[in-house]
Amino acid sequence: MTGEFSPDWLALREPADADARDSGLLRELPTGITVIRDLGCGTGSMGRWLAPRLPMPQHWIMTDRDPALLQLAADGMPPQVTVSTHLRDVTDLTVEDLAGADLVTCSALLDVLTAAEVEGLVAVCAEARVNALFTLSVTGEVRLVPEDPLDREVEAAFNEHQRRKTGGRRLLGPDAPAFAVSAFEKAGARVVTGESAWRLGPARPDLTAEWLRGWTGAAAEQSPELPVADYLQRRLAAVPHASVGHQDVLAIFI
């Protein structure tokens with residue numbers, strides 16, 4: 001894979017992300033949203049998707065720990081919005097950071113965080129009374145057509161890999177959406193969820209192939225005994241249709 005947060009990978013996945021997000025959740029948002037803080041913004045794909053769907057004026061605060069990605073995000077936002085950047089790891093977010101914000105957003109972030117880190121984000125949003133729209137968290141459910149006898153074993157190995165301990169941190173992986181829902185509800189938010197599965201296949205051959213390489217690579221790392229190389233070769237020889245499960249979570253405090 002080109003790198004989980006590399007500009008090339010983020011650009012490759014952006015159209016699938018845009019098609020997958022549940023725009024129906026936006027009807028649940030309160031009026032008067034003008035200041036949005038985007039966490040782990042990457043190249044800004046969440047902002048490019050959401051900004052045209054909200055009333056103007058808007059000010060976006062793009063937040064990321066990578067200065068190169070921050071610059072790409074600021075440069076790529078729609079011209080009708082104003083943008084500022086904040087070089088910050090999202091796990092260090094404070095209540096003061098959310099002063100004046102009406103909405104906190106993120107995309108494809110929760111599953112690479114730990115339980116404590118998600119609880120920290122939820123606590124900050126709850127104390128600041130700022131609504132949150134967290135999209136495209138991996139659920140671990142993958143359906144491929146046509147099926148292969150090894151599909152479920154690869155899926156299980158990948159999901160365990162996503163729950164791995166790395167650098168002293170135990171990642172939530174596919175447990176992240178349900179964990180976030182529970183944490184927000186305990187904090188007093190009204191929570192609405194939406195399914196946001198990727199739809200991959202021959203119509204998106206480059207993304208499908210790159211996703212397959214990453215999916216099987218993680219599975220092989222977790223379970224080296226699986227015959228993943230032959231499986232990947234079969235799958236790349238005839239690109240399957242794929243549904244890759246994600247979930248969007250909207251938490252409303254006000």
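The values are calculated or read from the model by the stated rules, or taken from the named source; none is laboratory data. Source: prediction; values computed, not measured. With ideal geometry, Cβ positions are generated from the backbone for all residues, glycine too; neighbour counts draw on all protein chains shown. Only protein heavy atoms, including side chains, enter the accessible area calculation; ligands, DNA and RNA are left aside. Shrake-Rupley method; radii C 1.70, N 1.55, O 1.52, S 1.80 Å.
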Check: Out of Gly214, Val154, His246, whose Cα points farthest toward the positive end of the dipole of the chain (charges: +1 Lys, Arg; -1 Asp, Glu; placed on Cβ)?
Finding: His246
Next item on the list: Pop out the carbon and sulfur fraction of the accessible area of the range 6-51 as a percent, whole number, probe 1.4 Å.
Entry: 48 percent
Note to self: What do you get for the angle between helix 67-76 and the principal long axis of the chain? Use alpha-carbon atoms, 0 to 90 degrees, nearest ten.
What the structure shows: 70 degrees
Checklist line | Given charges at beta-carbon only (K, R positive; D, E negative), |dipole| of the range 158-254 in Debye | finding: 200 debye
Next item on the list: Lys and Arg at +1, Asp and Glu at -1: add these up for the other residues within a Cβ distance under 15 Å of Pro78 and post the number.
Entry: -1
Checklist line | Where Thr85, Thr114 fall by accessible area, highest first, once all protein chains stay in place (1.4 Å) | finding: Thr85, Thr114
Next item on the list: Measure off 7 Å from each Cα along the Cα-to-Cβ vector at Arg190 and Ala115, then give the distance between these two points in nanometres to one decimal.
Entry: 3.0 nm
Notebook entry, point to check: Listed highest first by mean packing, meaning other Cβ atoms within 10 Å per residue, what order do 129-136, 6-13 come in?
Noted result: 129-136, 6-13
Check: Expressed as an acute angle from 0 to 90° and rounded to the nearest 10, what is the orientation of the C-alpha long axis of helix 115-128 relative to the principal long axis of the chain?
Finding: 20 degrees
Check: What residue among Leu110, Ser137, Val81 has its Cα farthest toward the positive end of the dipole of the range 60-156, where the charges are +1 on Lys, Arg and -1 on Asp, Glu, each on the Cβ?
Finding: Val81
Next item on the list: Please list 162-169, 190-197, 120-127 highest first by mean number of surrounding beta-carbon atoms within 10 Å per residue.
Entry: 120-127, 190-197, 162-169
Note to self: How large a share of the accessible area of the range 98-216, in percent, is made up of carbon and sulfur atoms when the probe is 1.4 Å and the other protein chains stay in place?
What the structure shows: 51 percent
Checklist line | DSSP bridge orientation in the chain - percent antiparallel, rounded to nearest 5 | finding: 50 percent
Next item on the list: Tell me the label-point distance for the pair Asp89, Ile254, using the 7 Å Cα-to-Cβ offset, in nm and rounded to one decimal.
Entry: 3.0 nm
Check: Percent relative contact order of the range 162-243, based on C-alpha pairs within less than 8 angstrom and at least six residues apart?
Finding: 27 percent
Margin query: If you fit an axis through the alpha-carbon atoms of helix 205-222 and take the longest principal axis of the Cα set of the chain, what angle between them do you get, 0 to 90°, nearest 10?
Written below: 80 degrees
Next item on the list: Pairs of Cα atoms under 8 Å, at least six residues apart: use those to get the relative contact order of the chain, whole percent.
Entry: 22 percent
Item checked: Helical contribution to [θ] at 222 nm, DSSP H n ≥ 4, -39,500 (n - 2.57), averaged over the chain, rounded to 500 -> -11500 deg cm²/dmol
Next item on the list: Might you tell me the accessible area per residue for the chain, computed with a 1.4 Å probe and given in Å²?
Entry: 44 Å²
